[in-house]
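Just so it is clear, none of the values below were taken in a lab; they were calculated from the coordinates. Note that the coordinates shown come from a computational prediction; the quantities given were computed from them, not determined experimentally. So basically every Cβ, Gly included, is an ideal-geometry build from the backbone, and we count neighbours across all protein chains shown.
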């Protein structure tokens, strides 16, 4: 059976009780958080965001922000549909934090950025700023460039930002991470020149997400060597045939590469990246099976032994090649797979694998026996996610009997055929490390079955969440 629930720490228990019953202990004129250490105030702030109803929690959030000397504030303010006004402006007015080093705000709609600009102007020591608000404007970015000169990480939604303010960020010379987030359908209001300017003048940049990234990198001569450690392309910005060569020459220190390809590109330049540890490849063409043999297999033969994370989104591959070439993998993700090649290497063993995501194409030929054989070769697996797979109760029981999945902490199954509540009940009744079981869209497992499993777990006080 899964492990029994262990009691939470005394600190956490006391913290939650006091936070949930603050109204009972203190009068409205008192501020119970004024003299607390910063670390405790930060923990209380986290708990307050999960409380319902929202109104009392909002009052105490403002009290903490107004008085406690915090180093880190992380607020995700999801406003309800019935709310007349966003809670964010009032919270910003109460944010008097001269010692703040990290600020993350997300979820709420910012109607007027004047309050945010005023708050940012007082954060001279800020090192990390994440503003995941949907309508950040040039005024906010200008304030950041004027007052937050110690920033090392900046993450913004950029849908309303233009070149005028974005180019000012070159003043933040300590920036190591700069990410401009947006919706997939977003068309940037900034230019290629601005992305090039930021890459040129922010000498400490390691991680970036910018519009026109590969085009901007293409404007550097091969004699320039940037310090970037990550490169990520998107579906709407597929590099040209020869751009990968240039990217690898200009960014020789890349250790994480995420590529979206058409299926005819040459991947051999990736062999030059001696620091490469994390590789993600998505092939857009429907028939991508030859691409694995021609490009990915030779590449893995050179860089595979250094990889700790590999993600492949394509229709056909050889698991034996991956197993043989990538002996140190800790994370493996395979998406949209239709079939596995037989290959010469019939042993599928991943001795160090801890996380495995296996989401197949709906029209795939992978059998329950194939899946059983694959999972039996992963003795250290801690997280497993399966989608559009075939897994019978007998195969699941065989995995349990050989102890192949008993070290799992998290098991997620989506659209898994043939599995029933009988197999799931057997899984949760044997001794294991399982703490989370998620079942979605499995035709032979109903909501009633899930409710029965939850009752079974609750009666035995197992430390297992089922959804």
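Run the numbers for residue 308 and residue 467: contour at 0.36 nm per residue of separation, minus the present Cα-Cα distance, in nm.
Numbers: separation 159, 0.36 × 159 = 57.24 nm, distance 2.99 nm.
Computed gain between residue 308 and residue 467 is 54.3 nm.
Divide, for the chain, the radius of gyration over alpha carbons by 2.2 N^0.38 Å, where N is the residue count. Intermediate values should be presented prior to the final figure.
Numbers: Rg = 25.7 Å, N = 467, 2.2 N^0.38 = 22.7 Å.
So the chain has a normalised radius of gyration of 1.13.
Can you work out the FRET efficiency for the pair residue 192 and residue 407, with r the C-beta to C-beta distance and R0 = 35 Å, to the nearest 0.05? Intermediate results must be reported in sequence, preceding the final value.
Details: r = 49 Å, r/R0 = 1.39.
Once the sixth-power term is evaluated, E becomes 0.10.
Along the principal axes of its C-alpha atoms, what lengths does segment 241-343 span, in descending order and rounded to whole Å?
On the principal axes, segment 241-343 reaches 37, 29, 18 Å in Cα extent.
Using the 10 angstrom Cβ neighbour count as an exposure proxy, how do 11, 60, 456 rank, fewest first? Mind dumping the intermediate values first?
Numbers: 11 10, 60 21, 456 17.
Ascending number of Cβ neighbours within 10 Å: 11, 456, 60.
For each of 265, 152, 431, count neighbouring Cβ atoms within 10 Å of the residue's Cβ, then give the residues from fewest to most. Let's see the in-between values first.
On the way: 265 20, 152 17, 431 11.
With the fewest neighbours first, 265, 152, 431 line up as 431, 152, 265.
When the distances between all Cα atoms of segment 285-324 are binned every 10 Å from zero, what whole-number percent does each bin get?
28, 59, 12
Taking the radius of gyration and the Kirkwood hydrodynamic radius from Cα positions alone, what is the Rg/Rh ratio for segment 147-205, to two decimal places?
Numbers: Rg = 11.2 Å, Rh = 11.8 Å.
A ratio of 0.95.
So how much slack lies between residue 21 and residue 215, counting 0.36 nm per residue of separation and subtracting their Cα-Cα distance, in nm?
Values: separation 194, 0.36 × 194 = 69.84 nm, distance 5.56 nm.
Additional length available on full extension: 64.3 nm.
How far apart, in nanometres, would the label points at residue 436 and residue 414 be if each is projected 7 angstrom from Cα along the Cα-to-Cβ direction?
1.3
Give me the percent relative contact order of the chain, please, defined on Cα pairs under 8 angstrom at least 6 residues apart. Please list the in-between numbers first.
Numbers: 954 pairs, mean separation 40.1, N = 467.
RCO, the chain: 9 percent.
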